[in-house]
1. Being more than 21 Å from Cys32 (Cα to Cα), assigned to a loop (DSSP other than H, G, I, E, B) and among the acidic types (Asp, Glu): is that true of Glu95 here?
2. Ser8 passes all but one of (1) among the polar types (S, T, N, Q); (2) over 28 Å from Asp124 (Cβ atoms); (3) surrounded by 20 or more Cβ atoms within 10 Å (Cβ to Cβ); which number fails?
3. Being surrounded by fewer than 22 Cβ atoms within 10 Å (Cβ to Cβ) and more than 28 Å from Asp119 (Cβ to Cβ) is the filter here, so list the residues in region 19-31 that pass it.
4. Of all residues being in a loop (DSSP other than H, G, I, E, B) and at pLDDT below 90 in region 178-197, which is farthest from Ala11 (Cα to Cα)? Just the residue, please.
5. From the list Val149, Val125, Val66, which residue is assigned to a strand (DSSP E or B) and under 24 Å from Ile18 (Cα atoms)?
6. Just give me the residues in region 64-85 being among the basic types (Lys, Arg) and crowded, with 18+ Cβ neighbours inside 10 Å, in sequence order.
7. Among the residues of region 170-197, which ones are closer than 21 Å to Val114 by Cα and surrounded by fewer than 16 Cβ atoms within 10 Å (Cβ to Cβ)?
Amino acid sequence: MREFVYYSANAVTAGNLIGSDLKKAGRMDIVCNFIVSCFFTSNAMREDVRLHLVFDGGPNNPRHIVMESNSEMPISKKNVAGLIKRLLYKARDEEGLREIVPGCFIERKGFEAVVKELDAEGKDVLLLEKGGRDIRDLKLEFREDKNSVFLIGDHEGFPKGLRKFLKRVDGVSVGPRVLFASQVVVILHNEMDRKDV
């Protein structure tokens, strides 16, 4: 299972705040681009992908959304924002993942709690950052008992409070330039495709 965590400090956490202008919804346009890059190739949906979205924008933050690729997952490139809106409308204020539609879950949980939980599950948590170890130098693992999980921030990166928390996480890089999050996930997929993992 290829696993990614995308963090946005500004993405809204209420469905009624997602309108036709996705930029005004805490840059939900960037979130949608990331989701498309995470799950789709030019003519198909990728299999065995799990995406964690952590939104910290108001008014109901934090929200943790999990999406898992499967044949029943009701997502297309055209309706990504509509799916996020639907998930946020159905959210409740308690912890514990609740499946809203096949392969799509939501709960109230913050970024640190998500990362600590992944670490406690024995996953190899890696932070995408400039100056990190080159991804090509790592042995990436995707087994039932141990996955590599990639933490990726939005266009503003991680706020100061989270950067302090993330000092404990190994940093990796996909190259010498800072790229859009949606480009980073494509490069990660490509590296894994080439290594057939």
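The values are calculated or read from the model by the stated rules, or taken from the named source; none is laboratory data. Values in this document were obtained by computation on a predicted structure and should not be read as measured data. Cβ coordinates were reconstructed from backbone atoms using ideal geometry, including for glycine residues, and neighbour counts include every protein chain displayed.
1. It is true that Glu95 is more than 21 Å from Cys32 (Cα to Cα), assigned to a loop (DSSP other than H, G, I, E, B) and among the acidic types (Asp, Glu).
2. Evaluating Ser8 over (1) among the polar types (S, T, N, Q); (2) over 28 Å from Asp124 (Cβ atoms); (3) surrounded by 20 or more Cβ atoms within 10 Å (Cβ to Cβ) leaves (2) as the failure.
3. Gly19, Ser20, Asp21, Leu22, Lys23, Lys24, Asp29
4. Taking region 178-197 first, the residues in a loop (DSSP other than H, G, I, E, B) are 178-180, 196-197.
From what's left, at pLDDT below 90: 178, 196-197.
On the way: Val178: 21, Asp196: 33, Val197: 31 Å.
Here the residue is Asp196.
5. So the residue among Val149, Val125, Val66 that is assigned to a strand (DSSP E or B) and under 24 Å from Ile18 (Cα atoms) is Val66.
6. Result: Lys85, single match.
7. If the condition is that a residue be closer than 21 Å to Val114 by Cα and surrounded by fewer than 16 Cβ atoms within 10 Å (Cβ to Cβ), then Asp170, Gly171 are the ones that fit.
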